[in-house]
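Written below as structure tokens is the structure these notes are about.
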2 protein chains.
Amino acid sequence: MDKNFERLLATLSMVPTHAARSTSEIHRRLEARGLRASPRTVQRDLEALASHYGIECDTRAKPYGWRWPKDRKRVSVPDMEWPEALSFRLLEDYLSGLLPASISDHLQPYFRQARDKLGTHFDSAPIKRWPEKVRVLSPSQPLLAPKVRRSVHEAVTEALLSERQLEIDYTAVGQEASRTHRIHPLGLVLEGNVLYVVASFYDYAEPRLLAMHRMSRAAPLSEPCETPDGFSLQRYVDEGGFGCGGTELIELDATWHHSCGIHLLQAHLSASQQAEEIDAETVRIRATVRRTERLTWWLMGFGANVEVHGPAELRRDIAKWHREAAAVYGKRPSTPALAPDASTGVVS
Amino acid sequence: MDKNFERLLATLSMVPTHAARSTSEIHRRLEARGLRASPRTVQRDLEALASHYGIECDTRAKPYGWRWPKDRKRVSVPDMEWPEALSFRLLEDYLSGLLPASISDHLQPYFRQARDKLGTHFDSAPIKRWPEKVRVLSPSQPLLAPKVRRSVHEAVTEALLSERQLEIDYTAVGQEASRTHRIHPLGLVLEGNVLYVVASFYDYAEPRLLAMHRMSRAAPLSEPCETPDGFSLQRYVDEGGFGCGGTELIELDATWHHSCGIHLLQAHLSASQQAEEIDAETVRIRATVRRTERLTWWLMGFGANVEVHGPAELRRDIAKWHREAAAVYGKRPSTPALAPDASTGVVS
DNA sequence: ATCGTTGCGACGGAACCTGACGCATCCGTG
DNA sequence: CACGGATGCGTCAGGTTCCGTCGCAACGAT
């Protein structure tokens, strides 16, 4: 087996994309992998690869730093096949706006690779029309993902994973200026397209929720992070206000107007879901689901197109919410008595 | 530059993951890339790579077929860095159930690579706890993605992209048995976690919507696909019943109870959104949004926690839906007059 | 049965890769 | 300011190994 190839491939994969890495550092890592070579050989390898694979060498400071340029084409082994490429392409459309940009940013190279792949696979005309043949519809009301700085995202996740404290500049909701805090990051929660950090402050024992896009700066500290006794993210979320707390399982029993229920015949509520056609207009669906706020919102959204029969408690709640909501609009004035001065209290 | 390395890397990337490829085919492709070598050399390369990189050779039939085993570790150049790996990991949790399995199946190798990366990056204790530190909450009611056969998914997308006709076995909603159809695939629509194919049948001019998970078999034909005059997927969707039709822009004006409105202060409805605190309990939000069914559902979900002020038409509709929904529950009997025999009419 | 294709062992020659050495440069330190 | 250590790089000779060619065997299709 060509010893050369293994070493060169390892060398290429040891060149980082963002920060730079010195020749001797790469040499050390190669030896750590059992690939022995003289430092001179590593130098020669890097130079040779640079000319053909486009890695860059920062020759300003003396321990030269090697890195990939930002938008370099990826090479994967095994190569990306075109069904994979199409999946990535759908994903890209699907996620835009659904995921925080700081996450999909990191996936950009893969999206790009997928586009390249799709562009070269069919060299004939059809492929040029394929973007017109695919549409992605958001499963719920599309909301704009708040912008998270890439540096903040990386600092927070690094501190979280290496269990170190974190210093942040945070602008609380409704506040004008940001304040600097030292926090102990305990967990990361992605809800829809908003990233939250669960963290305890130095002097508050109780963990708090911080929106990552409200951090203007974040820097990991060297001090280790302290976890409050008995803290568990799992439990925190289940007891928290995310609208998905409550692990109680219920037997949902409801009749849908056919036009809406048809969706549930495609994507099931749970594995045990049972559907039954009452008549041409009505579908009865029974399924074991978790009793969450999200479920309530979702059922409310169907309005008169769904009637919840059981459990009785849920039926009462849904009925009550609808009556209350109708009552809101019962008071006739169609425009509210609002402060006409729109310039006060703008919070976002 | 080491000519060897380039050829070997190209050889590796030409070994496919699913089907097998013969030695001479790989040789032909290498020459097409300008990498000249004798067929004997290609043979030797593949053998050498096989022992060390685990590609497999099917020696049953005589033109030997090379392929990657199913769960082989990926090698990427540049290597996956750990923030990327974490993004993939979040994505995996995020998408499970949100995307059709036939799509996330194709992404599995990347998810696996990410898990490997996260497992090896920090070899100390913290990394073992990281899965407990990250949670993903679905942005809406989680529904189970219907299962689409991988072979169907690949056949459909291939026919679509190469603009060829397609033969399918399709079980319509409410039907027992599947029927064989010859269709002209026109487009692919991903709505939530359900994949639909827009297709015209041989004798019907009007395009129809087919759920991909209802196809038990699909095979691309060699005949070219015919697109009805003036067909446009864009227009079809906008006029169709996906609940997102209607390109009409409206000026939404509504007051939210603070506990719900706080979400909108994190993720905006539109770039032009303006928020204003009326009092400690109430937030008024104005934004330019598209008038879709989805928007209605979404607003309905908030029940009495939102009051829509404008446009007047939307306010009337929301009020009406709530009154109608409340009326459904007005009739007292908590259990409906349903056919007691649950064994009839089960459709899914 | 035969021809074409494919796989593979062997071999000689040449390509090129490697380690070693020496020198120049740069930086930090005493 | 001098010195030592670290780094980068030109050069060179030796030898490893890689390549194309040839020949033969096995298999399948016509």
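The values are calculated or read from the model by the stated rules, or taken from the named source; none is laboratory data. Predicted model only: the values in this text are computed from it and were never measured. Here Cβ is always computed from backbone atoms with ideal geometry, including for glycine, and neighbour counts include all displayed protein chains.
Anything in the range B:197-214 that is modelled with pLDDT under 85 and touching a strand residue (DSSP E or B) at 6+ places or on another chain (Cβ under 9 Å)? List them, or say none.
B:Phe201, B:Tyr202, B:Glu206, B:Pro207, B:Arg208, B:Leu209
So which residues in the range B:160-174 are within 24 Å of B:Pro228 (Cα to Cα) and modelled with pLDDT of 85 or more?
B:Arg164, B:Gln165, B:Leu166, B:Glu167, B:Ile168, B:Asp169, B:Tyr170 - these are the residues of the range B:160-174 that are within 24 Å of B:Pro228 (Cα to Cα) and modelled with pLDDT of 85 or more.
Is it the case, given these coordinates, that B:Arg284 is over 18 Å from A:Pro146 (Cβ atoms), facing chain A (nearest Cβ under 7 Å), out of contact with any Lys or Arg (no Cβ under 6 Å at 6 or more places or on another chain) and modelled with pLDDT under 80?
The answer is no for B:Arg284.
Filtering the range A:1-28 down to residues that are among the β-branched types (Val, Ile, Thr) and touching a Lys or Arg at 6+ places or on another chain (Cβ under 8 Å), which residue is surrounded by the fewest Cβ atoms within 10 Å (Cβ to Cβ)?
A:Thr17
For the range B:8-24, which positions are modelled with pLDDT of 85 or more and more than 11 Å from DNA strand C (Cβ to nearest atom)?
Hits for the range B:8-24 are B:Leu8, B:Leu9, B:Ala10, B:Thr11, B:Leu12, B:Ser13, B:Met14, B:Val15, B:Pro16, B:Thr17.
Given the conditions (1) within 30 Å of A:Arg208 (Cβ to Cβ); (2) surrounded by fewer than 18 Cβ atoms within 10 Å (Cβ to Cβ); (3) at pLDDT 80 or above, and given that A:Glu251 satisfies all but one, which numbered condition is not satisfied?
Checking A:Glu251 against (1) within 30 Å of A:Arg208 (Cβ to Cβ); (2) surrounded by fewer than 18 Cβ atoms within 10 Å (Cβ to Cβ); (3) at pLDDT 80 or above, the one that fails is (1).
Restricting attention to the range A:5-15, which residues are aliphatic (A, V, I, L, M), out of contact with any strand residue (DSSP E or B) (no Cβ under 8 Å at 6 or more places or on another chain) and either part of a loop (DSSP other than H, G, I, E, B) or facing another protein chain (nearest Cβ under 7 Å) (or both)?
The answer is A:Leu8, and nothing else.
Answer with yes or no whether B:Asp2 is near DNA strand C (Cβ under 10 Å from one of its atoms), more than 36 Å from the chain's Cα centre (by Cα) and within 9 Å of chain A (Cβ to nearest Cβ).
Yes: the conditions hold for B:Asp2.
Out of the residues in the range B:293-311 that are of a type in the set (Val, Ile, Thr) and crowded, with 20+ Cβ neighbours inside 10 Å, which is farthest from B:Ala267 (Cα to Cα)?
Checking each candidate, the answer is B:Val308.
Just checking, does the range A:16-25 include any residue being more than 9 Å from DNA strand D (Cβ to nearest atom), more than 7 Å from chain B (Cβ to nearest Cβ) and more than 26 Å from the chain's Cα centre (by Cα)?
Yes, that holds for at least one residue.
Would you confirm whether any residue within the range B:169-185 is touching a helix residue (DSSP H, G or I) at 6+ places or on another chain (Cβ under 7 Å), assigned to a loop (DSSP other than H, G, I, E, B) and farther than 30 Å from A:Leu269 by Cα?
Within the range B:169-185, not a single residue is touching a helix residue (DSSP H, G or I) at 6+ places or on another chain (Cβ under 7 Å), assigned to a loop (DSSP other than H, G, I, E, B) and farther than 30 Å from A:Leu269 by Cα.
Would you check if B:Glu223 is touching a Phe, Trp or Tyr at 6+ places or on another chain (Cβ under 7 Å) and closer than 24 Å to A:Pro83 by Cα?
In short, no.
For the range B:44-62, check the following and say yes or no: at least one residue is away from chain A (no Cβ under 11 Å) and among the acidic types (Asp, Glu).
Scanning the range B:44-62, I find at least one residue that is away from chain A (no Cβ under 11 Å) and among the acidic types (Asp, Glu), so the answer is yes.
Being acidic (Asp, Glu) and crowded, with 18+ Cβ neighbours inside 10 Å narrows it down to one of B:Glu163, B:Glu176, B:Glu226, B:Glu206, so name that one.
B:Glu163
Scan the range B:56-66 and tell me whether some residue there is touching a residue at least 24 places away in the same chain (Cβ under 8 Å), out of contact with any strand residue (DSSP E or B) (no Cβ under 7 Å at 6 or more places or on another chain), of a type in the set (Phe, Trp, Tyr) and over 30 Å from A:Ser102 (Cα atoms).
No: zero hits.
Inside the range B:25-121, counting only strands (runs of 3 or more DSSP E) that do not spill past its ends, which hold 2 or more residues that are within 13 Å of DNA strand C (Cβ to nearest atom)?
Qualifying strands (runs of 3 or more DSSP E): B:56-58, B:65-67.
Being within 16 Å of DNA strand D (Cβ to nearest atom) and of a type in the set (A, V, I, L, M, F, W, C) is the filter here; which residues of the range B:56-107 pass it?
Within the range B:56-107, B:Cys57, B:Ala61 meet the criteria.
Contact list please: Cβ distance under 7 Å, first residue in the range B:225-240 and in contact (Cβ under 8 Å) with a residue 24 or more places away in the chain, second residue acidic (Asp, Glu) and in a loop (DSSP other than H, G, I, E, B), pairs at least six apart or on different chains.
B:Cys225/B:Glu163
Which ones in the range B:30-55 are touching a residue at least 12 places away in the same chain (Cβ under 8 Å), loosely packed, with under 15 Cβ neighbours inside 10 Å and more than 9 Å from DNA strand D (Cβ to nearest atom)?
B:Arg33, B:Gly54
Write out, first by first residue and then by second, each pair whose Cβ atoms fall under 7 Å of each other, whose residues are 6+ apart or on separate chains, and whose first residue, in the range A:254-271, is within 12 Å of A:Phe302 (Cβ to Cβ) while the second is surrounded by 19 or more Cβ atoms within 10 Å (Cβ to Cβ) and at pLDDT below 75.
The qualifying pairs are A:Trp256/A:Leu264.
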